[in-house]
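The values are calculated or read from the model by the stated rules, or taken from the named source; none is laboratory data. In this text, all values refer to a predicted model and were calculated from it rather than measured experimentally. We place every Cβ from the backbone using ideal geometry, glycine too, and count neighbours over all the protein chains shown. Heavy atoms of the whole protein, side chains included, go into the accessibility calculation; ligands, DNA and RNA do not. Shrake-Rupley method; radii C 1.70, N 1.55, O 1.52, S 1.80 Å.
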Amino acid sequence: MRASLSTILIKRGVARRSATTILAQNVVRGRGFCNDSAGSGASSPHNVEKTLDCEESDRMKGRPAQCDIAIVGGGMVGLALACALSSKQLTKQLSVAIIDNNPALRSRNYLKKDNIPDSRVSTVTPGTISFFKEIGAWEHVQQQRHAFFDKMQVWDYTGLGYTRYNARDVGKDYLGCVVENKVLCNSLLLSLLKEDYQPIIYPARLHSMTFQRKSSPDGISIDQEDTIKQNLSGKASSGNNTMQQTQPSNSVKLDLSDGQGLYAKLVVGADGGKSRVRELSGIKTTGWNYSQSAVICTVEHTAENHCAWQRFLPSGPIALLPIGDNYSNIVWTMTPEGASHHKSMSEEDFVKSVNHALDYGYGPHPQSGSLDHYVENLFSGSRFGAQSTKEGFEVPPKVINVVSERMAFPLSLMHAYDYASKRVALIGDAAHTVHPLAGQGVNLGFGDASDLAKIVAEGVLLGADIGELSLLKKYEKERKAANIAMMAILDGFQKAYSVDIGPVNLLRAAAFHGAQYIAPLKRNIISYAMGEQKWPLAL
Amino acid sequence: MALRSLRLPRDLCKTLRLLHRTPLQNPNPYSPYSPSPSVASAYPSLLQWRSRSDAAPQIPIKESGEEGKGGSGSDSFASSLNPAEVAKFAAIAETWWDSEGPFKPLHLLNPSRISFIRSTLCRHFRRDPYSARPLEGLKIIDVGCGGGILSEPLARLGAAVTGIDAVEKNIKIARIHAASDPLTASIEYCCTTAEDLVRLNKQFDATIALEVIEHVADPSDFCRSLGALTAPGGATVISTINRTLRAYATAIVTAEHILNWLPKGTHEWSKFLTPEELVMILRRASFSVEEMAGVFYNPLTGEWSLSDDISVNYIAFGVKQAS
């Protein structure tokens, strides 16, 4: 399977690149294999055929291949990075390997729309959508199931306040789009497999990483150097091949679960919250468990839903997200005990419980009072007006059926101290996991992928070594601040709702009223949540 | 003053020099800072690692012109590296590639210089600036390459790079480091001087000498060597420090005395060239300067960037006339 896969995948673009690197390997080992082209001609197109041979025999002989970037984890964020790299002129010539044993990575077709939607979905923000358009993946999402929503209602169980957001408040057609994770992956994969660009996919897991000596020759003793120098026989012009007797010290060696090895100049950990890359590179994390679990599943209504609903309940928020046709997705945060109970109860009971939670359960419907109208009028001048301030509270559409398996998973917040170390960068959940509250998690991950691709392109532009720490630290600097801001807000929300004390409830209600009736604040919140502005408050 | 620079033994003047020439004595009694070799070797240079070689306190543009006319017998080039100095700085030379180490300022400065070189060379040689390897096929020499901090990026941008440095240790470090990446393994490093290459009739599409000219014995001679090494229609890029009060305050007082970035006495203000002087010297070496930019340090962000302000560090691009 692997052999056939790699044969299919290796086409011109990659083959050319791996030529240079593999040839280098051969030279390193002192074999004459193919090194007639090891000089300056290694990357010229007429070597393609030879290269293919090299690649294959290389695999057969179990010699580690070499690539520029190894992305560990072919999930949404990892694929997005590969896609972003392949779509930029400066980075598309880099050889990229994706290491993941998920069979879904073999898919080459659109997923059918008539199946029941998967319960693992993401709310992608307009910011993410424009990133997907940039890297050519959005057109594939459009061919598969996705659901835009232009309205959002957030309220809480005390009945003291509610907020409705409308895309028209910020002059947009939609606030976001709910897409199944597998559709996002599939779209990214399809956009990756372009005519002139083929990443190599290794269907395996990462087993271990060996960091070579520092890329600076610090560790080399004078004696060694002298030996090398003697080999050079003092003549620079004689010697490219001789010089490569030294180990490639500018790469990391990855050992894969299937016994293969791979050298990479940069290893990207896109392997999720329990990142092996993070562990192997010794990057520490901070975080806490929320002692909450989320129950997720797909439900059915009698009519189509176009609004994202979120209600804060004493045990945590419940969200109802449209996913196309008459289906919606439920993400319900509750205590771990509650979660296992809701997972095991009968479907009828679960439906009843969901409808209860989205309607009169735990407290009354919120009403707007006279004070709200006063505040509304205060800010309803032409400049500050927002359409949705006049919209009344609505009850979400009734759920009639659970159509998927119910899954429960524990929630936690985790943040890596570093996003980058020598030759390693972490993106997505490997760097940070957040409360799934506003569906922001994966959008932060896509932001990471987009920025890392940009930084790598800058490195290529200036002829830098793409695994250089100073370059990767630029990525870290850029992303950390943005991610921490969003994490703190989501964590704050979670904390604000985990207490049920009179005054706190009132404060919370006041915040809701503010968010509902003060239009400038409202627009700000929408823009930030839509991924259009980096900072929460920028007037 | 002029006489004095003329009186210097010819071979001392000509041995460039690029680099590590030892101040055998401190020939400049006016210099407030004695360039003691021990101090000079204890720190890295912000710009590159070398100490000045002799006295000419003012840029002897006219004199060197005369010198040029009379300088036909310049065949007896002699390398005058001081073994003691080489050994001293060898200890620190290995940290060339530690981006957090003593050469950190240079690593930070590098991206700005490369982006200037990249864009000017792309324009001059009509290369696609959006290409990943726009310098493919160009023969470039990096004069005073040190550990190869500039040579390697140029090689990754596609150029066929020759890096020369008068210090053997630098060349060793540079070779070992370049060998670790197939993309840079093709760099030719050579422990030699520009003059020696001139004698070998070597020519390049572009000659680059960053932070070198303020340390050479005679900037005019140096530029003439660059001119001889540059193929007709080729280009040169030179960066240095302006002779302004601000440069004195920044490059000498701040960098050497306050921040200790540079060994005290690394730079001699009087040896700095103003952009006008550089343009003139280059013109004599049959280069016409077509572009110039300031390299500006923002102390708040700790980052260097290109700007219009050429009052301290600046970088110039010149084209060799076809004649």
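Quick notes on this one:
- Scanning segment B:117-128 for residues that are within 12 Å of chain A (Cβ to nearest Cβ) and open to solvent by 60 Å² or more (accessible area, probe 1.4 Å) yields a single hit, B:128.
- Being more than 25 Å from residue B:116 (Cα to Cα), crowded, with 22+ Cβ neighbours inside 10 Å and polar (S, T, N, Q) is a condition met by no residue of segment B:208-223.
- Top-ranked residue in segment B:269-323 [being surrounded by 19 or more Cβ atoms within 10 Å (Cβ to Cβ) and charged (D, E, K, R); ranked as modelled with the highest pLDDT]: B:320
- Of the criteria (1) open to solvent by less than 30 Å² (accessible area, probe 1.4 Å); (2) within 9 Å of chain A (Cβ to nearest Cβ); (3) at pLDDT 90 or above, which one residue B:101 fails: (3)
- When the criteria are applied in full, residue B:114 fails the requirement of being over 17 Å from residue B:191 (Cβ atoms), more than 11 Å from chain A (Cβ to nearest Cβ) and either modelled with pLDDT of 65 or more or not in a loop (DSSP other than H, G, I, E, B) (or both).
- Cβ pairs under 8 Å, 6+ apart, first in segment A:183-197 and assigned to a helix (DSSP H, G or I) and open to solvent by 30 Å² or more (accessible area, probe 1.4 Å), second at pLDDT below 90 and among the small types (Gly, Ala, Ser): A:185/A:104
- Test: residue A:330 is more than 17 Å from residue A:406 (Cβ to Cβ) and at pLDDT 90 or above: no
- The set of residues in segment B:287-314 being assigned to a loop (DSSP other than H, G, I, E, B) and farther than 19 Å from residue B:212 by Cα consists of B:299, B:300, B:301, B:302, B:308, B:309.
- Within segment A:415-427, residues that are closer than 13 Å to residue A:456 by Cβ have Cβ atoms under 8 Å from residues that are among the acidic types (Asp, Glu) and open to solvent by less than 10 Å² (accessible area, probe 1.4 Å) in these pairs: A:427/A:448, counting only partners at least 6 apart in sequence or on another chain.
- Selection of first residues in segment A:295-322 that are free of Cβ contacts under 8 Å to residues at least 24 places away in the same chain and of second residues that are assigned to a strand (DSSP E or B) and crowded, with 20+ Cβ neighbours inside 10 Å, restricted to Cβ pairs under 6 Å at least 6 apart or on distinct chains, gives the following pairs, ordered by first then second residue: A:315/A:334.
- Exactly one residue among A:316, A:369 is modelled with pLDDT under 90, surrounded by 15 or more Cβ atoms within 10 Å (Cβ to Cβ) and among the small types (Gly, Ala, Ser), and that residue is A:316.
- Those residues of segment B:238-288 which are under 17 Å from the mean Cα position of the chain (by Cα) and of a type in the set (Val, Ile, Thr), in sequence order: B:238, B:240, B:241, B:266, B:274, B:279, B:281
- Only one of the numbered conditions (1) touching a His at 6+ places or on another chain (Cβ under 9 Å); (2) within 14 Å of another protein chain (Cβ to nearest Cβ) is violated by residue A:420, and that is (1).
- Residues that are at the interface with chain A (Cβ under 7 Å from one of its Cβ atoms) and in contact with a strand residue (DSSP E or B) (Cβ under 6 Å, 6 or more places away or on another chain), drawn from segment B:161-195: B:175, B:188, B:189, B:190
- Residue A:448 vs. criteria modelled with pLDDT of 90 or more, under 30 Å from residue A:484 (Cβ atoms) and in a loop (DSSP other than H, G, I, E, B): no
- Among (1) in a loop (DSSP other than H, G, I, E, B); (2) of a type in the set (Asp, Glu); (3) modelled with pLDDT of 90 or more, the one test that residue A:325 misses: (3)
- The test for being in contact with a Leu (Cβ under 8 Å, 6 or more places away or on another chain), surrounded by fewer than 24 Cβ atoms within 10 Å (Cβ to Cβ) and not in a helix (DSSP H, G or I) does not hold for residue A:410.
- Residues located in segment B:132-150, provided they are within 10 Å of chain A (Cβ to nearest Cβ) and under 20 Å from residue B:102 (Cα atoms): B:147, B:150
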